[in-house]
Amino acid sequence: MYQLMMTNLLAHFFCFFLATCSFRVVESFSLKTNDYGSIVVKTTTSSKTRQFLSSSNENNEDEEPTRRREVISTMIGGSIVSAATTLPPANAAFFADFFADENEKIEIRDAIRPYAYRVDSTIPPVLLPLSSARQERGVLKQLGKGLGTTKKQVVTNRLNLNNIANKGVVGSINLVKSALGLNAEDNKRKGPGYASFVAMGVPYEPTTEDVGLVKNLVSTMLSGRDKNRATAMGLYFAPLSTQSALTSFIQSSGDIQSVIQALKQTGVSQTTIDLYEPLLQFAKSNQMDLIAMSPELEDIQTVRRSGLQDLNAERRSQYVVDSEGFIELTTAPKFRLYSSRSLLKDFIPQDSKDSSGNFFAERILVHEAGATALARYTQGKNDAFVTYVAPIADVRYVGGTNGRLPRVCNFLGKDLVTEECVTTILCNPKADETLSSGRRLRLEIGTAPDVLDYQTKISDFLWFSQMPKVYTIPRLMNG
């Protein structure tokens, strides 16, 4: 393919050379590529050429030859452009530098990329773009209605690699809607035994832009929700002892300063408080309940120092309501894959006595306590809807609080809660936060033959506040 492109390009050059020698028509072509993968081409005519053509047009005898020159020049320019733009991106970038005229101003136009992507449950996973604001709003509103996200593989009516692998090209509009989170409302998705959750992962070092994205997404979810139904937002950084202050704040008997003071007293940093204060105000203005999700700081430190066995029994029962399920989960093959390929990747020793075992105990306690707090909130509330914010490390590959919610909810009587009732969205993820060793986002863990049956995708959706660079998006389908 590469040799064919080179041959084609050389042929166009030869034609171009003959034309310029015969007719003295000089055209300059400038090709540029940018970070978003677009190729920008600009064709200019030299001043001498314009003068030559102008003088020729005044002569009636040269009128026909001049037209031929213009036509040939245009055809040659189009040929070179078509030849260059058919090259792969890497080769196109080479020829862009080859043709570039640094003294010439070139208009750069970024290739348009979607801001949101559905992570399809294929093996390996692929990305399906939400290519319009209407599609984005549709998905978010359906989540707000409590319809969740299907975990089944998407089948579309377009011919793509997934269809070929399945030896068929089938699909329907309803099926595509279901795959994008637009599940049809049915009797199984309502009533006292039902609840839905949306986990929103933010970067390791979140910024106001990340928090603003979370707020905007939740706002759109609420626009499709019945205001009479129970709705809440969970806070990963808020210890359980701050719950009364959070409740008072929402019920208007307290102010934001009382919440800030309560968070400070339990060890939450001022930086974290300042960063998430807009979410607290947003929840109050939208009449959303706030849920404290974290164990107390001293309990986290105790487990990190000496393990779960030294945690106070009364406190442990507050954090872990389903003790049997909590223990059994650690032996499940899929969870063991998550532990080795995701959870333990974040282990950084705090001192010489720190161990990966105690780090593991700390993280599973934090995740279980969060799931227990969220599940307890839904008790006695029909069709409750809960969003919560947490670091990407605690929601990626669906092994943290989000992966524990169905089990804990079922234990507490919410028997209609399944994994499809829990949707995970990563907000502004970076490649290293998905445990990728390169520039592209990683979409799955479990690619080895012995664990392929337990392969797990990164999340249900990837959402960006700015258009992502093209080289960060892997396996994009129908893009």
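The values are calculated or read from the model by the stated rules, or taken from the named source; none is laboratory data. Just so it is clear, the structure is predicted and the values come from calculations on it, not from any experiment. Don't worry about glycine lacking a Cβ; one is built from the backbone with ideal geometry, like all the others, and counts go over all protein chains shown. Just the protein is used for accessible areas: all its heavy atoms, side chains included, with ligands, DNA and RNA removed. Shrake-Rupley method; radii C 1.70, N 1.55, O 1.52, S 1.80 Å.
For region 250-258, indicate whether the set of residues that are open to solvent by 20 Å² or more (accessible area, probe 1.4 Å), over 16 Å from A373 (Cβ atoms) and among the hydrophobic types (A, V, I, L, M, F, W, C) is non-empty. Within region 250-258 (the criterion being open to solvent by 20 Å² or more (accessible area, probe 1.4 Å), over 16 Å from A373 (Cβ atoms) and among the hydrophobic types (A, V, I, L, M, F, W, C)), the answer is yes, since at least one residue qualifies.
Among the residues making up region 445-457, those that are more than 10 Å from S121 (Cα to Cα) and either touching a residue at least 12 places away in the same chain (Cβ under 8 Å) or assigned to a helix (DSSP H, G or I) (or both) are I445, G446, T447, P449, D450, V451, L452, D453, Y454. Number of residues in region 427-440 that are free of Cβ contacts under 8 Å to residues at least 60 places away in the same chain and either acidic (D, E) or open to solvent by 10 Å² or more (accessible area, probe 1.4 Å) (or both): the value is 7.
Take T424 and tell me if it is of a type outside the set (D, E, K, R), out of contact with any Cys (no Cβ under 6 Å at 6 or more places or on another chain), surrounded by 20 or more Cβ atoms within 10 Å (Cβ to Cβ) and at pLDDT 95 or above.
yes
Taking residues in region 354-374 that are of a type in the set (S, T, N, Q), and partners anywhere that are buried (at least 20 other Cβ atoms within 10 Å of the Cβ), the pairs with Cβ atoms closer than 8 Å and at least 6 places apart or on different chains are N358/V303; T372/Y319; T372/V320; T372/D322; T372/V408. Every test in (1) in contact with a helix residue (DSSP H, G or I) (Cβ under 7 Å, 6 or more places away or on another chain); (2) part of a helix (DSSP H, G or I); (3) not β-branched (V, I, T) is passed by F385 save one, and that test is (2). With respect to the conditions (1) outside any helix (DSSP H, G or I); (2) under 12 Å from the mean Cα position of the chain (by Cα), D415 falls short on a single one, namely (2). Among the residues of region 405-418, is there at least one that is acidic (D, E) and open to solvent by 40 Å² or more (accessible area, probe 1.4 Å)? Checked region 405-418: at least one residue is acidic (D, E) and open to solvent by 40 Å² or more (accessible area, probe 1.4 Å).
Determine, yes or no, whether I458 is open to solvent by less than 50 Å² (accessible area, probe 1.4 Å), in contact with a Ser or Thr (Cβ under 7 Å, 6 or more places away or on another chain), among the β-branched types (V, I, T) and over 19 Å from L130 (Cα atoms). Considered against the rule, which asks whether it is open to solvent by less than 50 Å² (accessible area, probe 1.4 Å), in contact with a Ser or Thr (Cβ under 7 Å, 6 or more places away or on another chain), among the β-branched types (V, I, T) and over 19 Å from L130 (Cα atoms), I458 comes out as no.
Condition first: touching a helix residue (DSSP H, G or I) at 6+ places or on another chain (Cβ under 8 Å) and farther than 21 Å from D346 by Cα. Now tell me which residues in region 192-215 satisfy that. Those that are touching a helix residue (DSSP H, G or I) at 6+ places or on another chain (Cβ under 8 Å) and farther than 21 Å from D346 by Cα: Y194, A195, S196, F197, V198, T208, V211, G212, V214, K215. Counting only residues that are open to solvent by less than 70 Å² (accessible area, probe 1.4 Å) and more than 27 Å from the chain's Cα centre (by Cα), region 186-204 holds 3 of them. Here the condition is being crowded, with 16+ Cβ neighbours inside 10 Å, closer than 25 Å to S294 by Cβ and at pLDDT 55 or above; of T231, T207, it holds for T231 alone. Considering each residue of region 388-412, count those that are assigned to a strand (DSSP E or B) and among the aliphatic types (A, V, I, L, M), and give that number. Looking only at that region, the number is 2. Within region 323-338, residues that are within 16 Å of L365 (Cα to Cα) reach partners that are acidic (D, E) and assigned to a helix (DSSP H, G or I) with beta carbons closer than 9 Å, at six or more positions or on different chains, in the pairs F326/E368; L329/E368.
Taking region 244-270 as the range and being closer than 30 Å to Q142 by Cβ and polar (S, T, N, Q) as the test, the residues that pass are T247, Q251.
Scanning region 301-345 for residues that are outside any helix (DSSP H, G or I) and surrounded by 19 or more Cβ atoms within 10 Å (Cβ to Cβ) returns L311, V320, D322, S342.
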